[in-house]
Amino acid sequence: MFSQHKQETPPSRLYGRRKGRPLRRSLQELLDHELPRRRLTLPEGQGILELETLFPGKREVWLEVGFGGGEHLAAQAAANPEVGLIGAEIFRNGIATLLRALVEQDCDNVLIFEEDARLLLPALPEASLSRVFLLFPDPWPKSRHHKRRFIQSETLDQLAHLLRDDAEFRLASDDPTYVTWMLRHLLAHPDFVWLAERAEDWRQRPADWPATRYEAKALAEGRKPVFLRFRRRRR
């Protein structure tokens, strides 16, 4: 059952780029030949996905929302072959880059959802995710665009429904206003507990948290990323 505190309605349309620069032939071939067997499609109607069928023999399922260039997701897939991972991303160039890494690493434990992750959440079973990642999302800095941010009360209700007890929600951003927004929403939510005990816990990226190109860009431009870890309270 979702919590009953005030909810913010997610946007009715989806935002973000689907395409960037024209892809090299090798990357386009990956989209043509590798993506079909790694594509996650929604069940018909309002059906629920059977993760045991999608990831046979995997002990856990993790979700990354908006994986960008795929560096983090590919690294997690290689380091955790016993885990099934779902990556949600609409940017075709990023999907192609992830596919290249998965082929090079011979990883078969990743499925790709090519739409906004908010469309996927209702199709996932309750208490089915052991970890969720939201790393350097678009901060939508203008006030009139705040409704486009992934972190909203309603989205956190959905994630709380989907996360197992004691599961972890990891977030990162180099935008101070979005960090404040994340903390305000998560600290106000009854189902999440911030795991930080000292400043270094959010200033330093944990050893099992692979870096991304967005972190490198932020550091190169003088912005300090913040790394947040929240635990889903036990039901």
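By Kyte-Doolittle mean hydropathy of at least -1.0 and Cα axial length of at least 15 Å, which whole DSSP H helices of the chain are selected? Present the calculation step by step, with values, prior to reporting the outcome.
Numbers: long enough: 92-105 (20 Å, 0.22); 176-188 (18 Å, 0.49).
Helices meeting the criterion: 92-105, 176-188.
How many lysine pairs in the chain, separated by 8 or more positions in sequence or lying on different chains, have Cα atoms less than 27 Å apart?
The number of close lysine pairs in the chain is 9.
Through the Karplus equation 6.51 cos²θ - 1.76 cosθ + 1.60, θ set to phi - 60°, convert the phi angles of the range 135-152 into ³J(HN,Hα) values in whole Hz; use x for Gly and Pro.
10, 6, x, 4, x, 6, x, 6, 4, 5, 9, 4, 5, 7, 5, 5, 6, 9
Computed from the coordinates by the stated procedures, all read-outs in this text should not be read as laboratory data. Just so you know, these numbers come straight off a predicted model, no measurement behind them.
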